[in-house]
Structures are given as C-alpha cells and as structure tokens.
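Working notes, beginning with the structure itself.
A short reminder: the numbers here are calculations on the coordinates, not readings from a lab. Not measured: the values here are computed from a predicted model. Here Cβ is always computed from backbone atoms with ideal geometry, including for glycine, and neighbour counts include all displayed protein chains.
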Amino acid sequence: MKTLYLDCFAGISGDMFMGAMVDLGVDFEMLKSELSKLGLDHEFDIEMRRDSKLGIFGTKVDVIDHNHLSHSHEDHNDAHEHSHEHKHAHEHLHEHVHSHEADHSHGHAHQGHNGHTHEAHHDHKHAHTHDHDQLRNFGEIKKIIQKSSLSERVKGDSLKIFELIAKAEAKIHGKAVDEVHFHEVGAIDSIVDVIGAAICMALLEIDTVLASPIEVGDGFVKCAHGKMPVPAPATAEILIGAPTLSKVKGYEMTTPTGAAIISAFVTDFPENKRMKAQKIGYGMGTRNLEIPNCLRAIIVEDQKNQSQWIIETNIDDMSSEQLVFAEERLFAVGALDVYKTAIIMKKGRPAIKMTILAKTEDIEALQKILFTETTSIGLRKYSVDKVMLDRAYQQVETQYGSVTIKTALLEGKIVNQKPEYEECKRLALENQVTLSEIYKTVNEALMK
C-alpha cells in the first residue's frame, strides 16, 4: 500500500498537484508520453522547471495552450479583460488566485498554471476573446478519454474528476449534467491538468490519499454578475463535507480542479498527523504571497494495516460481450482489478466467477454496477491484505519507437522487467511488424 498525504496549507490546483507529483518522483517524460495518448499533441505542450517560494524549492509545471498563445508565459504583467460573457463566473481548472477587488468584465484575476499572473490593478489592459471552437463540452471530453489508449485506471479517475465539476456546475446553474457547456474547463490546458493528475496517481501507484484541511481563501471577486464569494460556487459545492480553512484573505486559493482532485481521491482528513514521511515533494504556484504558495505532497509509511476488498459473484447466463462491458464499467468507477474464472456450479452448470479488487470507498459504486450491468442477484465480499513489490518506470528507445518499461524491485534490486503491452501493440501496428519483433527489439535495448 502506498499512501499520499496532501498538505494544502496554500490550497490546491491541478498544475500544483502535477508539480508536487513530479517533485515526488513521477518521470516527467513518462507523464508527457502518457498525455500523448490523447492524440492532442498539436494543441499543447507541457514544461517543468525548478522554482522557489520563500526559500522552499519545488517543481513548477506549465501547460502551454497552442490554441490561445495570447496566454504567453512571458505575459506576466498584463491584465486580461475578457470580452466574452460566460454563464459561469468561476468555471476554471486553472490555478486561480483572485484579487480581493479584482474588477474584470469576465470576473476573475487568475494565477494561471501557464505561468502567468493576471492582476486587475495594472494600468496596462488588453482584450481577448477565447476561440470557442477549441472549447469542448463534457461529452466531447468523455469521448477523447474513452477513445484513448490510456489505462482503465487513468480513464476512470479522469472521468471521475470531470464529472464532479460537471455535477457542481449543473447544480449551481440549474441544468442537467449533459447540458453543462464547459468554458475554460474545456480548454486544452485544463484537460491536461485533470488527466495529468490522474496519470500521476497511476505512475506513482498511489493506493490511498489523505489530506489536511483545505485552504480555500477568502473575500469577493467582481464579475459580470456582480461580486462573487471566495471560494467560487463550484469549488464550494465540490468540497461539501471536506474541512476547509479561510486564513488567506483576498485570494482564491483552491480551484475547482483542485477541489475535484481532493473529492475524487482523498478518503480521510486525519486530525492526528503522526505519520512517518518517506519522501516529500512541492508543487509550486505562480503568485508570490506572504506564505509559500505551494502544495506539499508526502509519501507516508503506513501506520496501520490497510486492507482492500474482494467482491465476487457467479454468473451463468450472460454473453461474453456483456461481461466485457460490465468489466469496463467496473474499471471506470474505481475497480483496481477485475478478472474472470471459469467454474462449474451445482448440477454441472458452467459459469463465470467475476472477481473485483476494490478500495473501501469504491465498494458501493462497484456493487451498483454489478447489480445493474450483470444478471447477478447476490455477491460476496471480504477484506484482503495486499503485498506489492516496489515499481519503477523508464522509457526505452528502439528503432520502432519509445516503449515504457515497468520494473519490479525487491529491496532495491530488479526482479522483473516488462514492456507495456499497449505501447508494443501500437508500435507493431504502426510499423507493420510482428508483436514478437517489438518485444525482441525492446529486450535487446534493455541489454545494452
């Protein structure tokens, strides 16, 4: 079991989370490689750099949106007066830090994860309009994720985060979820923030996430509809049930993306912070504040035996296609693993035993899928302890392309190495060679 603790003393946003995870050990090239599976490389680039806040050094991750190059990294001092009117005052996945008296026609001054800070008090202003052809709605985002070759875990976690934001916006604006039209949420840099966060969770193989109370900021921001409170309505809706703080006055410290990451992954907010840290990383914000503007992420040693769950059900009256569909749905709502075993039931009836490995917080959703997507009318569940080897990932270059290698480690020594099948499959098809040829080439590259 690998446990992550998020210390949100300065809030949280999508890019700060990615920065902290890279600082913890996520291979940045691996992150870029996984993001390439979206098939949207022509729309964005992602960069990282070392940065510091009040003497604390960490990693700053920036997403460059090629569709809106007016949001340049060098454009630090310009305040953007948004000339288009959005229906939502705060529907951003960027790292927003709103000025207490910001007066924007669109209603926000943001500290973007693209490395630029917009402040309403600068004299220099210029107007710009987003290209709405490049903004995607919830349905379009779902299709991109589902059609990609990302792992089922990453797909499920990404969709979970987006759905949390969509439901919050739908409730606030009195719409059905599918009718919510995203604005900045649908921009490519925001999509990268969400899916990048899910990829980082998978690459570090985080099993459990804990967090401190969330600093959300305080004050009001002026927008087209008047003054809006901090936290933004979507952020407040997503964080229902989570402990929050408002110690930083005049700024919005947690974005809807950051709130959704907390809601999607965090299982507990422990009051007792007695834990043994194994590694610490810092994800940096942009604005300079009186406190370090960063997210602290800590890999902690488990202080108690944390169990996962096995859910089982026997099925003897479903087609293989229906079983595969149910399996995909189970992965989408959080199943850690799903496998099927051929069994013989009473009276000699052949059947399939479907087994699901799950975290405690996902059991209810998984049970619902089993009862609605299969013919099962009952199931068994019991807790199990899981022992795992440490894992590391590396990229290997071959004449056919780059392949990710998963390495299993026991006491720091390599005990097994395996190339990622989906990547080998893609290279075989692209180069019109056999899969065994790809494996052979990868193994030769590993031996060098």
- Message: I'd like the Kirkwood hydrodynamic radius of the range 308-384, using the inverse of the mean 1/r over distinct C-alpha pairs, in Å.
- Response: 12.4 Å
- In the structure displayed, which of LYS425/LYS448; LYS142/LYS276; LYS155/LYS353; LYS279/LYS353; LYS247/LYS368 lie more than 32 Å apart, Cα to Cα? LYS142/LYS276; LYS279/LYS353; LYS247/LYS368
- Message: Straight-line reach only, C-alpha to C-alpha below 24 angstrom: list the lysines that LYS346 could link to, leaving out same-chain residues fewer than 8 apart.
- Response: LYS381
- Distance in Å, no decimals, from the C-alpha centre of the range 353-404 to the one of the range 259-321 is 16 Å
- Item | Neighbourhood charge, 12 Å Cβ-Cβ cut-off, centred on ILE298 and excluding it, Lys, Arg +1 and Asp, Glu -1 | +2
- Note on the structure: So, with points 7 Å from each Cα along the Cβ direction, the GLU312-THR372 label distance in nm works out to 2.7 nm
- Query: What is the range 391-447 by shape, rounded, prolate or oblate, if you read a ≥ b ≥ c off the alpha carbon gyration tensor as root eigenvalues and call it rounded for a/c under 1.5, prolate for a/b larger than b/c, and oblate otherwise?
  - Reply: prolate
- Query: Among LYS37/LYS160; LYS340/LYS413; LYS2/LYS32; LYS60/LYS406; LYS249/LYS273, which pairs are too far apart, with a Cα-Cα distance over 28 Å?
  - Reply: LYS340/LYS413
